[in-house]
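Below is one structure; the comments refer to it alone.
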């Protein structure tokens, strides 16, 4: 008799928890396609930020220089990367640069290549080959074409592939924790 009462209470709590989660999801989820797009772009910007926290660049000469995240393409990530401006990674403050001249790409610590720039991706990546610039893109096959981290959508979730060979050739290092989270690591 006692066991039945305990089971009923646990089942009731489980139902209440599930309803609360469902209600919260309905309140948080965007109501339209434009909102869905902004939400997806916000998640991508979050991934970019977290990638910087698990990556190490060769020792800079200046010590606390800003961490430059550069982006190509109009409205790349719908301006979500701009929200990272001023945040810090370690002791370095993030500086966002949109459309830096190609001569300045090597001065970026991170360069995001958006799907809109897909046809230029290989040219961009050739120019940065061997340089300590973390290249991230949502271009199809980005990590197999010379990019370091490729954002992909699998089963309606954002995932990523890493080209470890490209990362190592650039002098960058990535945390083993980040490598474990990748869907694929190209060696």
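Here, each number is a calculation from the coordinates, and none is a lab measurement. The structure displayed is predicted, hence computed values, not measured ones. Cβ sites come from the backbone with ideal geometry, for glycine too, and all protein chains shown count toward neighbours.
Would region 33-186 count as rounded, prolate or oblate if I go by the C-alpha gyration tensor, calling it rounded below 1.5 in a/c and otherwise prolate when a/b exceeds b/c, oblate otherwise?
rounded
With each pseudo-label sitting 7 Å past Cα toward Cβ, what's the residue 144-residue 165 distance in nm, one decimal?
Going by the 7 Å Cα→Cβ label model, 1.3 nm.
Compactness ratio of region 96-155: Cα Rg over 2.2 N^0.38 Å, N = residue count?
1.05
Under a crude label model (7 Å from the Cα following the beta-carbon direction), how far is residue 95 from residue 127 in nanometres?
Distance between the two pseudo-spin positions: 1.9 nm.
Gain in length, residue 154 to residue 115, computed as 0.36 nm per residue apart minus the alpha-carbon separation, to one decimal in nm?
12.4 nm
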